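Chemist: Following this message is one structure expressed as structure tokens.
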Amino acid sequence: MEITTERKGDVLVALTEDRVDGSNAREFQESVQAAIADEDCPVVLDMERLVYISSAGLRVILMIARSLQGEKRNFAVCSLVGPVREVFEISGFDKIIQTHDTQEQAVTAVQG
Amino acid sequence: MQQTYKILVVDDETDLEPLILQRMRRDIRAGRYEFVFAHNGVEALERLNEDEGIDMVLSDINMPQMDGLTLLSQIPDVNPDIRSVIISAYGDMKNIRTAMNRGAFDFVTKPLDFSDLRVTIERTLQRVMEWREALSTRDQLVALQNELDVASAMQQSILPSGFPDGPTFQSFGHMVPARNVGGDFFDILQLDRGRVGLTIADVSDKGVPAALFMMSSRTLMKGAAIGTESPAEVLREVNALLFDDNDASMFVTVLYAVYDPATGELTYSSGGHDAPLIVRADGSSTLLPLTGGVVLGIVPDFPFEQRTVTIAPGDTVVLYTDGVTEAMNSNRDEFGIARLQQVFATAPPRDSQEANRTVFEAVSSFAGDTPQSDDVTCVTLQRREPAS
């Protein structure tokens, strides 16, 4: 699964796309972990191009959030659209994971 | 790191041993081959019995005590995954045929041509490795299937078999599991004072650990539902208990509702689960607002909230999992709640079982041949006019 990363100042922004469900959740987890390993900076997961996430995908986000928390690295997700935003709202994940409307807001927030 | 292959050489002529050690010395030194020797079939079987690490056998035919052809027929009893190569006299087609018929993988002829022998050994070892890989893949698949079967049996075992009803209401629940096991479950409980508790839930993972988590969730829900009146309080309790022993970051979405036939009131609380749908007698429907909860099991303490609505006679409460709303057709469109509402608009449910069936039929006709990727679960409760 393709995870593109870019640096925004001190922050690592990882861009997700397509779909995350039970069939590729593990792959998604490995890709994100590989993308954010070897760094100790804050991470923003940009979901603008993610069209679907299942509960298996949410669990991956949770595990990533927890492992980053363990490393004392700030973490946020941003730019949730359509069904992904809905899933975050229904599941209450927007209350558990720091969620921002735009990448700029997220980057600013995790730098603080 | 390169693997060392162990080859058992069986020959009664003692000059073969130093010859092989000498001609194969480079492969031996490089750690590619290791040779062990036996001088007849009986000794060879003993070696094979003692040493499970032997990968292949290279055996002469004519030997005292037990010849190579007899040895060939006995090797599978000791280790069926071993491949053997026979050394025969040049042109001895009769013995070669017999050896091949008894399962020899290949043969070489005397006097030994060592470059040919090396090619033959490599080819044999390659086959041994392929065979082992195939076996291990098969074992993994079997193990995986066993695990899924266990999880699936656990999931089925916690579903209720009967559904409460009364003079002014009936309830119904159904689940169609996905082939590779999702994590849905539901429960319909008769509570005190005629009240009915409706639970519908979806665990975030699959496999045995998730099934165990599902079983705890269901048991805790049942216990809390019986002991605690308020749905929000039930979720708060269960959430705290699930959190206590949850290292795996598993979670469960739960919608828990209590229906009171005496008042027609439905009080519900959502733990990160989809909102209930109320379908009226005329087929129109309303999605109830969420209660601002979160999934259960990952936040140590959460103040769940609840809402109460009064449902009218003829109204049907429809609880469902995302297997309904996220069912996909061949265009990868999602079924969605709006389509379900349209279906009810044209076919208002006459009772709770029919409402339930409508949901499954609508999902299945929408999905067509597209395989079901998640469990589909639906719980329905209809308020009825009291019989006069």
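Chemist: Taking into account only those residues within region A:34-67 that are within 12 Å of the chain's Cα centre (by Cα) and over 21 Å from A:Asp94 (Cα atoms), which is nearest to the other protein chains (Cβ to nearest Cβ)?
Modeler: Of everything passing the filter in region A:34-67, A:Ile36 is nearest to the other protein chains (Cβ to nearest Cβ).
Chemist: Need at least 1 residues that are more than 30 Å from B:Thr291 (Cβ to Cβ) per element, so show me which strands (runs of 3 or more DSSP E) inside chain A make the cut, counting only ones lying wholly within it. Quick ask: steps written out before the conclusion?
Modeler: Working: elements: A:4-8, A:11-20, A:43-53, A:75-78.
Correct list: A:4-8, A:11-20, A:43-53.
Chemist: For region A:25-47, give me the residue count where each residue is charged (D, E, K, R) and farther than 18 Å from B:Ser249 by Cβ.
Modeler: Applying the first criterion (charged (D, E, K, R)) to region A:25-47 yields A:26-27, A:30, A:38-40, A:46.
Among the residues that remain, those that are also farther than 18 Å from B:Ser249 by Cβ are: A:38-40, A:46.
The qualifying residues number 4.
Chemist: Moving on. Restricting the search to region B:160-219, which residues are away from chain A (no Cβ under 14 Å), of a type in the set (Val, Ile, Thr) and touching a strand residue (DSSP E or B) at 6+ places or on another chain (Cβ under 7 Å)?
Modeler: Passing the criteria: B:Thr168, B:Val176, B:Ile188, B:Val196, B:Thr199.
Chemist: What pairs come up if the first residue lies in region A:71-83 and is closer than 18 Å to A:Lys95 by Cβ and of a type in the set (Phe, Trp, Tyr), the second is in a loop (DSSP other than H, G, I, E, B) and at pLDDT 90 or above, and their beta carbons are under 8 Å apart, counting only those six or more places apart or on different chains?
Modeler: A:Phe75/A:Pro42; A:Phe75/A:Ile97; A:Phe75/A:Gln98
Chemist: Okay, next question. When you scan region B:67-89, do you find a residue that is surrounded by fewer than 16 Cβ atoms within 10 Å (Cβ to Cβ) and within 21 Å of B:Phe114 (Cα to Cα), even just one?
Modeler: Taking every residue of region B:67-89 in turn, at least one turns out to be surrounded by fewer than 16 Cβ atoms within 10 Å (Cβ to Cβ) and within 21 Å of B:Phe114 (Cα to Cα).
Chemist: Which condition does B:Leu21 not pass, out of (1) modelled with pLDDT under 90; (2) closer than 22 Å to B:Glu122 by Cβ, if it passes all the others?
Modeler: It fails just one condition, (1).
Chemist: Specify which of the listed residues (B:Ala232, B:Ala240, B:Ala225) is in contact with a helix residue (DSSP H, G or I) (Cβ under 9 Å, 6 or more places away or on another chain), at pLDDT 90 or above and either more than 15 Å from B:Val295 (Cβ to Cβ) or buried (at least 16 other Cβ atoms within 10 Å of the Cβ) (or both). Explain how you work it out, then say what you get.
Modeler: Working: B:Ala232 fails: in contact with a helix residue (DSSP H, G or I) (Cβ under 9 Å, 6 or more places away or on another chain); B:Ala240 fails: in contact with a helix residue (DSSP H, G or I) (Cβ under 9 Å, 6 or more places away or on another chain).
That would be B:Ala225, the only listed residue that is in contact with a helix residue (DSSP H, G or I) (Cβ under 9 Å, 6 or more places away or on another chain), at pLDDT 90 or above and either more than 15 Å from B:Val295 (Cβ to Cβ) or buried (at least 16 other Cβ atoms within 10 Å of the Cβ) (or both).
Chemist: Return the residues of region B:255-275 that are of a type in the set (S, T, N, Q), in a strand (DSSP E or B) and away from chain A (no Cβ under 14 Å); say none if nothing qualifies.
Modeler: Residues of region B:255-275 that are of a type in the set (S, T, N, Q), as a first pass: B:263, B:267, B:269-270.
Pick out the ones that are also in a strand (DSSP E or B) and you get B:267, B:269-270.
Result: B:Thr267, single match.
Chemist: Continuing with the same structure: Return the total of residues in region B:276-296 being within 29 Å of the chain's Cα centre (by Cα) and more than 7 Å from chain A (Cβ to nearest Cβ).
Modeler: So the first thing to find is which residues in region B:276-296 are within 29 Å of the chain's Cα centre (by Cα), and the list is B:294-296.
Adding the requirement that they be more than 7 Å from chain A (Cβ to nearest Cβ) leaves B:296.
Going through region B:276-296 one residue at a time, the tally reaches 1.
Chemist: Looking at B:Phe163, B:Phe172, B:Phe185, which one is touching a Gly at 6+ places or on another chain (Cβ under 9 Å) and at pLDDT 90 or above?
Modeler: Working: B:Phe172 fails: touching a Gly at 6+ places or on another chain (Cβ under 9 Å); B:Phe185 fails: touching a Gly at 6+ places or on another chain (Cβ under 9 Å).
The unique qualifying residue is B:Phe163.
Chemist: From B:Val299, B:Val324, grab the single residue that is within 14 Å of chain A (Cβ to nearest Cβ), in a helix (DSSP H, G or I), under 26 Å from B:Ser217 (Cβ atoms) and in contact (Cβ under 8 Å) with a residue 40 or more places away in the chain.
Modeler: Values: B:Val299 fails: in a helix (DSSP H, G or I).
It is B:Val324.
Chemist: Please enumerate the residues belonging to region B:50-66 that are of a type outside the set (A, V, I, L, M) and surrounded by 15 or more Cβ atoms within 10 Å (Cβ to Cβ).
Modeler: Of the residues in region B:50-66, the ones of a type outside the set (A, V, I, L, M) are B:50-53, B:55, B:59-60, B:62, B:64-65.
The answer is B:Asp55, B:Ser59, B:Asp60, B:Asn62.
Chemist: Please enumerate the residues belonging to region B:243-280 that are in contact with a strand residue (DSSP E or B) (Cβ under 6 Å, 6 or more places away or on another chain) and surrounded by fewer than 16 Cβ atoms within 10 Å (Cβ to Cβ).
Modeler: Scanning region B:243-280 gives a single hit, B:Glu265.
Chemist: Is it fair to say B:Met100 is hydrophobic (A, V, I, L, M, F, W, C), without any contact (Cβ under 8 Å) to a residue 24 or more places away in the chain, closer than 25 Å to B:Leu135 by Cα and surrounded by 14 or more Cβ atoms within 10 Å (Cβ to Cβ)? Break it down stepwise before answering.
Modeler: On the way: hydrophobic (A, V, I, L, M, F, W, C): yes; without any contact (Cβ under 8 Å) to a residue 24 or more places away in the chain: yes; closer than 25 Å to B:Leu135 by Cα: yes; surrounded by 14 or more Cβ atoms within 10 Å (Cβ to Cβ): yes.
The answer is yes for B:Met100.
Chemist: Determine which member of the set B:Gly283, B:Gly368, B:Gly336, B:Gly314 is surrounded by fewer than 20 Cβ atoms within 10 Å (Cβ to Cβ), free of Cβ contacts under 8 Å to residues at least 24 places away in the same chain and at positive phi. First the steps, then the outcome.
Modeler: Working: B:Gly283 fails: free of Cβ contacts under 8 Å to residues at least 24 places away in the same chain; B:Gly368 fails: free of Cβ contacts under 8 Å to residues at least 24 places away in the same chain; B:Gly314 fails: free of Cβ contacts under 8 Å to residues at least 24 places away in the same chain.
When all the criteria are applied, what remains is B:Gly336.
The values are calculated or read from the model by the stated rules, or taken from the named source; none is laboratory data. In this text, all values refer to a predicted model and were calculated from it rather than measured experimentally. No Cβ is skipped: glycine too gets one built from the backbone with ideal geometry, and neighbour counts run over all protein chains shown.
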